[in-house]
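Below is one structure, written out as C-alpha cells; comments come after it.
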Amino acid sequence: MDKNKFFKEATLRICGNLKIEEAIYSALEYIRTEILIDRMFLQYYDRKMKQMRIIAHATPEGSKSVNWVVPISNEALHELMDHATEFSEQDKDFHWFFDDNPDQHALIHDIFTFLGCNVSSLVVIPLRLRDNQLIGGGSLIIATEHETKITREQSRQLSMLREPFAIAFSNSLKHESELKLYSRDFFWEASKRILGSLKIEVGLQECINYLKEFMPADEIYLERYKPDLDSMHLVAHANSNMCEPLDTLVPFTSEAKATLINLHELFKTGKLPPVIVVNKPEEEPVTRCMLDALNLPISSAMSLPLVIGQQSIGTVALLAKGTDRYTDEHAELFASLKEPFFVAMLNTLKHRELTELKDLLADDNRYLHNELRKISGDEIIGANFGLKEVMQKVQLVAALDSPVILLGETGVGKDVIANAIHYSSSRSSGPFVSVNCGAIPDTLIDSELFGHEKGAFTGALAQKRGRFERANNGTIFLDEIGELPPQAQVRLLKVLQSKEIERVGGVKTISLDIRIIAATNRNLEQMVKGGEFREDLWFRLNVFPIIIPPLRNRTSDIPALIQHFLSKKVRELKLNAVPKLEQGAMESIMNYTWPGNVRELENIVERELILNPAGPLTFDQLKVHGKESVNKAAMNISGEFTLDEVMARHIQNILQQTNGKIHGPGGAADLLGINANTLRNRMSKLGIDYKKR
C-alpha cells in the first residue's frame, strides 16, 4: 500500500465536505478499498453534562448526523479518565489499538452495547491538531465486526488521518456554530415580520419578501383543514406585491382526502414531519388540488404544520413556481418559523372570533334599539292631526344639536317626542339614555347623573359611569327636569356650557359629545321667579321649546289612539282577538276630559280589556264623567291661568266629585289614571292639602 497516496486520497475525501457525517462516509468508502472496516463514528465526552455522545455515524449502507447519548458505567468513566491522562502524556501520533477481545474494556463494551453490535478489532484516534490541541474532546473510532481484523500496521496507517479528521471536525463545529447563528438571526428577523402587524395578511407579505432572500418564494397561504366539510379553509394570502385576508373554502377530491387522512394518522402518532416538501406537485394530490382550485401554475410547495403538543391549528403553505425548487436546507429554515406562525394564526382566529361576536352584538343591539323604539313610541299617533305642529318642530330641530325642552301635562307623551327627536337625528346610532329626575333620591342624583370614583363616599366600592357618560355620542333625556335639586342644577349648567363633567370624588375632566333633551309638566318660569329653579339654567334649556298639547285639545287623535292601544294590549294580555266597542262607547271616550292624557287613555283601555276580554267594550267608567264633566271643567278652569294653576283647579274639581276620596275605586287617583302616591306628591307641590281630606 502506498502510504502517501492513501493519506492524500483519504484527506481529499475527509476535508472535501463541510458536513462531518458526509466526510466520514466518504472516507469509509475509500478506506474499505485498502482496509476492510465496518463502522466509523465520532464521539466526544461532554464534561459539563458528564455524558458520552456520538455525533456522526457511518457504515457501508450510509451515514447520518446524530446526537446519541451513550449511557456509561462508573467503571467506563474511570477508564475514560485514565485514557485521557495517558493521551496527554504521549506524542501526537498516539492512538489506541485493540485487536484481542476489545469488548473486555468497560468503555468499549458500553458504547457497542448501545450500538447493538460486536466488534473484533478497534482503533481509537483522539482528534488533535499539530499544536497538540484536542478538538472538542472528540475521538474517531474505526471498527471491524468480522473475523478479518485490523492489523497493528494498519492501525498506525489509520492514525495518520488524525489531523485531516481533526481539521474536518473543527470546520464542522465552526460551520455548525455559524449555521446556528445564521438560523437564529433568520428566526428573529422573520418572526419580527410575521408578528409585526395585527393583520396577518400584512405579516405574511412582510415575511415572504424576507424569505425570498433565502429560498424560492412566490406565494404564501395560511390555511386550515375542515374535515367536516372535506375542504381547506384559506385564512390569508400574500405575495411580494399584495396581501389579502381570505374566507374561502377549497373542496378536495377523494384522492386528496385520502392523503390528508394519512397525514392525520401521522399527526396522531407523532410522526408528522416538521415540514412537508412537495417538489413534484403533479404526483401529490393535495398540492395538485390546491393549485387547480386557485388557478396557479405548477409550483413546488412546502407545508409547515402548525402543531404544538396536541394542538393543531392549521398550515402555512409556501409556493415557488416550477418543480424541484426546495432543498432540505430550505425545509430546515422554514421549520424554524413554526412558533411565530402558530402564534400569528392563533391570534388571527381569536380576532376573527371576537369580530364575529362584535358583529353579532351590534346586530342584536340594532334589533333591541328597534324594539325599544316600538315600545316607547316608534309610531306617533296623531303626527298628521293633533300633533302636526309638534312634529314639524321635531323635524326642524332633529338634525341640530341644540338643547330642546318639552313642555306639557303629565301623560301627553313627552318621552315619545324625545325618542322621535333622537331617532330622526344623526345620533340615532348612538345611545338614548332616559332619566326621570323626580325618581332619583336627592342624595344619589349626582352619582347617578355624573358617576363616581371608587371610595368617593361610603358604599362606593368601584368606579361607576354616570348617565351622562353612558349617553356619550348620543342623547340624554332628562324627564321631570323641574325636580332637580339645586346642586344638580349647578352641575347640569356646567355640562350645557362646556360639555364636560367630573365624576363625584374625581378630578379628571371628561369631555362629552351629547345632546340634551329636557321635559317638564311644571311652569319653570314661575319656579325661576320663586327661586326654585336657576334662571341661567332655564335660559340654557329654553333654546327650542316644544309645547305638547293635552289630549282634550286634540280629540281627533283619540280613535287612532284607541285602536293602537287595543292592538298593543291584546298582544300583552295574550287575548285571541281585538274585542269590538259597544255602540255609543266612543261618544263617552270623546266626551271625557282625560286629565291624565294619553297615559290615562292607555290605562283605561287595559282596564276595559281586563273587565271585558271578549267584548263588547263599554267604557262605563267614563259615562259618569260625560259631557257634564267636560262643561263643568270648562266653567271652572276658563280664563288665563298658569299650567300649575290649571292642574290645581282640575285636581280640586275631581276631589269635589269624589268627596275628597283619593285612592281606591272611584277615587281621584283612579279617575285621573295615576298612582295615589303620585297624586299626593303632586298635590303637595301645588299647595293642595290632602291630609284634612
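The values are calculated or read from the model by the stated rules, or taken from the named source; none is laboratory data. Note that the structure is a prediction, hence the values are computed from the model and not measured. Cβ coordinates were reconstructed from backbone atoms using ideal geometry, including for glycine residues, and neighbour counts include every protein chain displayed.
Answer yes or no: is there a residue in region 483-502 that is part of a strand (DSSP E or B), assigned by TED's automatic domain parsing to the domain that holds LEU449 and within 25 Å of ASP415 (Cβ to Cβ).
Going residue by residue through region 483-502, those that are part of a strand (DSSP E or B) are 500-501.
So of that shortlist, the ones also assigned by TED's automatic domain parsing to the domain that holds LEU449 come out as 500-501.
From the residues that got through so far, the ones that are within 25 Å of ASP415 (Cβ to Cβ) too are 501.
Yes, some residue in region 483-502 is part of a strand (DSSP E or B), assigned by TED's automatic domain parsing to the domain that holds LEU449 and within 25 Å of ASP415 (Cβ to Cβ).
Considering only residues that are under 16 Å from ILE313 (Cβ atoms) and either without any contact (Cβ under 8 Å) to a residue 40 or more places away in the chain or in a helix (DSSP H, G or I) (or both), which ones fall in region 192-227?
Residues of region 192-227 under 16 Å from ILE313 (Cβ atoms): 194-195, 200, 203-204, 221-227.
Scanning region 192-227 gives ILE194, ILE200, GLY203, LEU204, LYS226, PRO227.
Looking at region 457-464, can you tell me whether even one residue there is assigned to a helix (DSSP H, G or I), farther than 30 Å from ARG554 by Cα and β-branched (Val, Ile, Thr)? Full working, then the answer.
From region 457-464, those assigned to a helix (DSSP H, G or I) are none; that's our starting set.
No - not one qualifying residue is present in region 457-464.
How many of the residues in region 646-662 are at pLDDT below 80, surrounded by 13 or more Cβ atoms within 10 Å (Cβ to Cβ) and assigned to a loop (DSSP other than H, G, I, E, B)?
Total satisfying the criteria: 1.
For ILE381, work out the one condition from (1) out of contact with any strand residue (DSSP E or B) (no Cβ under 9 Å at 6 or more places or on another chain); (2) at positive phi it doesn't fulfil.
The failed condition is (2).
For the subset of region 1-32 comprising residues that are at pLDDT below 90 and farther than 16 Å from ALA168 by Cβ, which member is surrounded by the most Cβ atoms within 10 Å (Cβ to Cβ)?
Result: PHE6.
When you check PRO71 against the structure, is it in contact with a Phe, Trp or Tyr (Cβ under 8 Å, 6 or more places away or on another chain), assigned by TED's automatic domain parsing to the domain that holds VAL119 and more than 20 Å from ALA166 (Cβ to Cβ), yes or no?
On the way: in contact with a Phe, Trp or Tyr (Cβ under 8 Å, 6 or more places away or on another chain): yes; assigned by TED's automatic domain parsing to the domain that holds VAL119: yes; more than 20 Å from ALA166 (Cβ to Cβ): yes.
Judged against the criteria, PRO71 is a match.
I'd like to check which helices (runs of 4 or more DSSP H) are fully inside region 239-343 and have at least 2 residues that are touching a helix residue (DSSP H, G or I) at 6+ places or on another chain (Cβ under 7 Å).
On the way: elements: 254-268, 285-293, 328-335.
In region 239-343, 254-268, 285-293 are the helices (runs of 4 or more DSSP H) which contain 2 or more residues that are touching a helix residue (DSSP H, G or I) at 6+ places or on another chain (Cβ under 7 Å).
So if I check each of ARG599, ARG552, ARG540, which one is part of a helix (DSSP H, G or I), surrounded by fewer than 20 Cβ atoms within 10 Å (Cβ to Cβ) and touching a helix residue (DSSP H, G or I) at 6+ places or on another chain (Cβ under 7 Å)? Show your work before the answer.
Details: ARG599 fails: touching a helix residue (DSSP H, G or I) at 6+ places or on another chain (Cβ under 7 Å); ARG552 fails: touching a helix residue (DSSP H, G or I) at 6+ places or on another chain (Cβ under 7 Å).
Unique residue meeting the criteria: ARG540.
Give the residues of region 31-64 that are under 16 Å from ARG162 (Cα atoms) and more than 55 Å from the chain's Cα centre (by Cα), sorted by residue number.
ILE31, MET40
Is it the case that some residue within region 66-80 is part of a strand (DSSP E or B), within 60 Å of the chain's Cα centre (by Cα), within 19 Å of LEU18 (Cα to Cα) and at pLDDT 85 or above?
no
Has region 433-452 got at least one residue that is surrounded by fewer than 19 Cβ atoms within 10 Å (Cβ to Cβ), over 29 Å from ASN681 (Cα atoms), in the same structural domain as LEU396 (by TED's automatic domain parsing) and modelled with pLDDT of 85 or more?
Within region 433-452 (the criterion being surrounded by fewer than 19 Cβ atoms within 10 Å (Cβ to Cβ), over 29 Å from ASN681 (Cα atoms), in the same structural domain as LEU396 (by TED's automatic domain parsing) and modelled with pLDDT of 85 or more), the answer is no, since none of the residues qualifies.
Taking region 562-595, which residues are β-branched (Val, Ile, Thr) and buried (at least 17 other Cβ atoms within 10 Å of the Cβ)?
Start the filter on region 562-595 by keeping residues that are β-branched (Val, Ile, Thr), which leaves 562, 570, 578, 589, 593.
If the condition is that a residue be β-branched (Val, Ile, Thr) and buried (at least 17 other Cβ atoms within 10 Å of the Cβ), then ILE562, VAL570, ILE589, THR593 are the ones that fit.
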